[in-house]
Structure formats: C-alpha cells, structure tokens
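Worksheet: the structure to be examined is printed underneath.
The values are calculated or read from the model by the stated rules, or taken from the named source; none is laboratory data. Predicted, not measured: the structure shown is a model, and the values here were computed from it. Counting neighbours? That spans all protein chains shown, and the Cβs are built from the backbone with ideal geometry, glycine included. Heavy atoms of the whole protein, side chains included, go into the accessibility calculation; ligands, DNA and RNA do not. Shrake-Rupley method; radii C 1.70, N 1.55, O 1.52, S 1.80 Å.
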Amino acid sequence: MNKKISYLITLFLCCILVVVTFSGCIEEEQKTKESKELPKTVVKLDQPSILPDWKDGEYHDYYGTIDLLNEFEIKYPDLVNVFSIGESVLGKDIWCIRITNENNAKPKLSCLIDGCIHGCEWEGCEACLYLAEYLLINFDANETITHILNSSEVYLVPLVNPDGRQKDDRFNDNGIDLCRNFDIDFGRLRGGALRIGKLFGFIKIPYIDFPGKEDWNLYFNCGRHPFSEPESQAIRDFMMDLENNDFSFYVNCHTAQHCIYVPWLAFKPPFEMTEQETNLFHYVFNWVEKNTEYEPVSVLIANNGKRYYDSGMAQDWVFKEFRIPSFSFEILSKDYEPWMSSGKHDHLVHWMNTTLPLFMYLLVNIDNLHQWRTPDIQPSLPEGVPPEPLQ
Ligand SMILES: [Zn+2]
C-alpha cells in the first residue's frame, strides 16, 4: 500500500515537473520570437522612385566626399548621421554615414557597405555615395525605401583608404594592400601576399611581380602582421561595434572585375561552410546572374580553371568573425580596369545604375540575410535600372 502511494506521489511530482518545464519552454519560445520580431519587408513593384541627378565625369575625391556627406547631413537631419571611425596614415578621417529613420525607435538590423579600400578603385566610393543619395531622395515617397530606413541602419564608408584615393594609388601610404591586411589566412604566398611591411621603417614595397610561367605571379605587401595599418584597424573596430547592433551583411566594393565574390578566397579556411550558408551564397549568385549585369564568380576563375586564392581579405574575415553573409562587389567591366592606377574611369552614371539592383536586393532581404534564410524578396527598381550593357 505504502509502495503504491509513493508511486502515485512520484508520478504526480513528475507530471508537475513536466508541466512546469513545458510551460517554461513555451514562455521562453514566445520571448525569443518577440525579441527578434521585425517588421516584414513591403515590396510594391509599382512604386516609383527617382535616381540621383549625377553627371558623368564628376567624381568625388576625399574633399568632394566630405562636402557631399555634409550636404546630406544638413538636408536630411532626421535620416543622416556622419562621423569619423578613425584616421589614415596621413591623418585623414575615415568617414562613415549612417542612414536610418532616427524617429523610428523600433529594433533595427544593420549592414555595412564600404568602398575604395584600394585607393585607385574610385567607383566603390561613388557607389556608396550614390546609394546614400538614392535612399535619401526617395524616403517617404517610395514604400520599399521608407521601409528599409524604418527597419534598418545602413552604414556606408565610402573611402576606407583616403590617402590612396588622393594619390590614385591601390595601397595605403605605407605601401600596404589593406585588403590583404585582415586576420584571415594572413600573409600566405599561395594567397598572393608577402609579409614585408615597410622596410627599415621607411622603404615602401607595395608589391613584387615575380617572373614565371604562372598567370598569377603578383604578390602584394600585406603588412608585417594582421591589422598593422590604421585604416584596417579603424574598419575592424567599427565592425566590432556593429556586431552589438545586429550586423546583418557586408559588401566590400572594388573595381573592376565585373563580378561578385563570396568566401572563401582563403587558402586554408578556418572552418567549413554549413549547407545553409552554401545554399544562401548560391542563391545570391543565381539571383545576380539573372537580375544584374554582373557575374557571380566563385573561387574558380577563368584562370585556366585553377583555384584562385587571396589571403587577408576583408570579406573572408567578416564571414569568419561575425558569421554573416559577406561579399566583394567588383564594379565596372574589365575593359575599365583601373589596374594599379593606370586605368580609366568613365560612364560613371551608367556604372552607378548597375550597382543599385544588388544593393537594393540585399537591403530588402536584410532580415533573411540576418537569419541565413533564402533571400527571395525582389526589390522594386526605378525605370532604366539595371541599364542596358554598354556597347
Ligand atoms: Zn580592389
């Protein structure tokens, strides 16, 4: 009899335990959902938007960029915040513009697009400025853009390498390739990088071109150690801050390979991508192929089918560090290659309009990218975007 009672008591206590645990789970689940819930993206394809009134040939150097950023801040005080994230070797500020509806205090996701990490690749800077103006002039008139700025903080750093931009030079003022200076697969010969730094503290050796049979025999000076340069330190520290701010995707803009890259370009990736991550990158690749004039380029380039490696890349480091979707976007076609500062810059407005589909696609899918879900929302685009390819 006593045994039966003790069984019943044990059963009763077990039931209570199960109920308490289960209800706790439901409560926890609801809390989790509540804290992550963000407004769903509204995309209305019939919504018109207008393009910035830019003229071909009018590029923005360091001072022109500052003037334009100040103009945005004065004209759109409720949407724009301009601030410096650090200084270059020669003491120039590295400016960042944050675009968001400051009057909307709901939880927001953040993203970062930067340009001109290679100073001779001007169009990355211009693409950030053009996107900024496009978002600002259409806020409140176009529902998709209004929604983007209500639900996300768009951070743009047009000139990661202001000294290089002023000298039309790929490298920073220490002769270092900033996009080989990140702490990922750092300084590997197979990744085209040499850990030279500044020889004896004053001799700059930006790159070495070894003669050989290989198609790819250029080795860039990546610095003596990861993040040795003030510019890469500034962007690293800024991204560390964004991590506490629901950092959702990153685009590192270059010219002029006419494509997008995704991780890994590292020779020895620190971990294997999950199936979900691989699927998302493939989905974006397919989307880019169908909807933009750019090509998706994985690690196999038209280099006799050989695997292509780059050590110390910003996009790889961001993926490794924050585990978010991360892209290199090579604007322009290869005909406009500003290779080692000897190329031409032309048809600015055309090339800016080719960048909008990708930027808008990533922005309307920011929530999907943040959750590593299929980014299947189509952006609404203004008439004439994307433009017909140049003849
Ligand atoms: Zn570049």
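Before moving on, here are some points about what is shown:
- None of 190, 165 is open to solvent by 10 Å² or more (accessible area, probe 1.4 Å) and either within 13 Å of the ligand (Cβ to nearest atom) or in a strand (DSSP E or B) (or both) except 165.
- Yes/no for residue 180 being among the charged types (D, E, K, R), in contact with a helix residue (DSSP H, G or I) (Cβ under 9 Å, 6 or more places away or on another chain), farther than 19 Å from residue 326 by Cβ and within 16 Å of the ligand (Cβ to nearest atom): no
- Matching residues, region 195-212, being on the phi > 0 side of the Ramachandran plot and either touching a Lys or Arg at 6+ places or on another chain (Cβ under 9 Å) or at pLDDT 95 or above (or both): 197
- Here residue 210 meets the list (1) in contact with a Pro (Cβ under 9 Å, 6 or more places away or on another chain); (2) aromatic (Phe, Trp, Tyr); (3) open to solvent by 30 Å² or more (accessible area, probe 1.4 Å) almost entirely, failing just condition (1).
- Count of region 91-117 residues which are within 16 Å of the ligand (Cβ to nearest atom) and not β-branched (Val, Ile, Thr): 3
- Of all the numbered requirements in (1) more than 16 Å from the ligand (Cβ to nearest atom); (2) buried (at least 16 other Cβ atoms within 10 Å of the Cβ); (3) part of a helix (DSSP H, G or I), residue 232 misses one, and that requirement is (1).
- Only residues that are part of a loop (DSSP other than H, G, I, E, B), more than 19 Å from residue 178 (Cα to Cα) and more than 16 Å from the ligand (Cβ to nearest atom) were counted across region 237-280, and they come to 10.
- Single residue of region 327-359 satisfying the filter (hydroxyl-bearing (Ser, Thr, Tyr) and open to solvent by 10 Å² or more (accessible area, probe 1.4 Å)) that is farthest from residue 112 (Cα to Cα): 342
- Condition met for residue 51 (among the hydrophobic types (A, V, I, L, M, F, W, C), open to solvent by less than 60 Å² (accessible area, probe 1.4 Å), modelled with pLDDT of 95 or more and over 23 Å from residue 163 (Cβ atoms)): yes
- Candidate set: region 213-229, residues that are at pLDDT below 95 and open to solvent by 30 Å² or more (accessible area, probe 1.4 Å); chosen: the one farthest from residue 310 (Cα to Cα): 213
- Single match in 321, 337 (criterion: at pLDDT 90 or above, among the acidic types (Asp, Glu) and under 29 Å from residue 164 (Cβ atoms)): 321
- Subset of region 128-158 [within 23 Å of residue 347 (Cβ to Cβ) and open to solvent by 10 Å² or more (accessible area, probe 1.4 Å)]: 133, 137
- Checking 193, 132, 141 one by one, the residue that is more than 24 Å from residue 70 (Cα to Cα) and out of contact with any Pro (no Cβ under 7 Å at 6 or more places or on another chain) is 193 and no other.
- Elements of the type strands (runs of 3 or more DSSP E) sitting completely within region 80-127 and holding at least 2 residues that are open to solvent by 10 Å² or more (accessible area, probe 1.4 Å): these cover 80-87, 93-99.
- Residue 120 vs. criteria within 16 Å of the ligand (Cβ to nearest atom), in contact (Cβ under 8 Å) with a residue 60 or more places away in the chain and of a type outside the set (Lys, Arg): yes
- With respect to the conditions (1) in contact with a strand residue (DSSP E or B) (Cβ under 8 Å, 6 or more places away or on another chain); (2) open to solvent by 10 Å² or more (accessible area, probe 1.4 Å), residue 371 lacks only one, and its number is (1).
- Some residue of region 292-313 being touching a residue at least 12 places away in the same chain (Cβ under 8 Å), part of a helix (DSSP H, G or I), under 17 Å from the mean Cα position of the chain (by Cα) and more than 22 Å from residue 191 (Cβ to Cβ): no
- Out of 155, 130, sole residue that is hydroxyl-bearing (Ser, Thr, Tyr), in contact with a strand residue (DSSP E or B) (Cβ under 8 Å, 6 or more places away or on another chain) and either away from the ligand (no atom under 14 Å from the Cβ) or in a helix (DSSP H, G or I) (or both): 155
- Scanning region 313-326 for residues that are buried (at least 24 other Cβ atoms within 10 Å of the Cβ) and away from the ligand (no atom under 13 Å from the Cβ) returns 316, 317, 318, 319, 325, 326.
- Of the criteria (1) assigned to a loop (DSSP other than H, G, I, E, B); (2) more than 30 Å from residue 269 (Cα to Cα); (3) within 16 Å of the ligand (Cβ to nearest atom), which one residue 172 fails: (2)
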